[in-house]
């Protein structure tokens, strides 16, 4: 079954620690995205990548880092510089980066909490 | 700044009746609009979209209407079913998915 897998579903982090959220897709999509969702707010774009070894900052990239070494994988690291990391994180992918080509597919998300 | 707004956090309708979810946007450069549906503990799934060259797009029970002059779009669900109970997100974009902006969502509850 093709899809996007985010792991883990729940993640706890101590203050001052970096943590990496995993996102894997087997849809053969070129483009991948990371969003953050907070209560009462829409999804906000953190980073996106339209091709391997290339990525762009979204609206709220500060305190986050990504890599895109393989087409299937787009891990997100929440660094200690992110002041308010508690949120629900969603990974998505699309065939291309053009919105008219095909809608995004989303993973089921990772909820990150600070201990 | 919120470029896409869904001013109703929640909506409750009776099964079989029409559900109307509304969305407003501020950026006149947006030319593609989408609706996503999200169940608890799952990621959003694509529901329906519309290009700015159209004012209506229909897919089964779901119809999206676009009023460009008012910068307003709406999603109509007829007839509403209990399985439609979910959070609905409106999104607006230019050509790149990286330009997409989402509303805060409207929680729809369809009562049997």
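The values are calculated or read from the model by the stated rules, or taken from the named source; none is laboratory data. Since the structure is predicted, the reported quantities are computational estimates derived from the model, not experimental observations. Here Cβ is always computed from backbone atoms with ideal geometry, including for glycine, and neighbour counts include all displayed protein chains.
For the reader, a short list of remarks on this structure follows.
- Subset of the stretch B:78-100 (residues that are in a strand (DSSP E or B), more than 7 Å from every other protein chain (Cβ to nearest Cβ) and crowded, with 22+ Cβ neighbours inside 10 Å): B:88, B:90, B:91, B:92
- Single match in A:40, A:97, A:58 (criterion: touching a helix residue (DSSP H, G or I) at 6+ places or on another chain (Cβ under 8 Å) and closer than 26 Å to residue B:40 by Cβ): A:58
- Members of the stretch B:53-65 found to be surrounded by fewer than 21 Cβ atoms within 10 Å (Cβ to Cβ) and assigned to a strand (DSSP E or B), listed by number: B:56, B:57, B:58, B:59, B:62, B:63, B:65
- Residues satisfying the stated conditions in the stretch B:63-98, i.e. without any contact (Cβ under 8 Å) to a residue 60 or more places away in the chain and under 27 Å from residue A:48 (Cβ atoms): B:64, B:66, B:68, B:71, B:73, B:75, B:86, B:87, B:96, B:97, B:98
- The stretch B:34-50, subset free of Cβ contacts under 8 Å to residues at least 40 places away in the same chain and surrounded by 13 or more Cβ atoms within 10 Å (Cβ to Cβ), residue farthest from the other protein chains (Cβ to nearest Cβ): B:50
- Unmet requirement for residue A:32, which otherwise passes all of (1) exposed (fewer than 14 other Cβ atoms within 10 Å of the Cβ); (2) within 12 Å of the chain's Cα centre (by Cα): (1)
- Strands (runs of 3 or more DSSP E) lying entirely in the stretch A:33-115 (those with 2 or more residues that are facing another protein chain (nearest Cβ under 9 Å) and touching a residue at least 24 places away in the same chain (Cβ under 8 Å)): A:44-51, A:87-94
- Selection of the stretch B:19-29 for residues being within 14 Å of residue B:103 (Cα to Cα) and at pLDDT 95 or above yields B:21, B:22, B:23, B:24, B:25, B:26.
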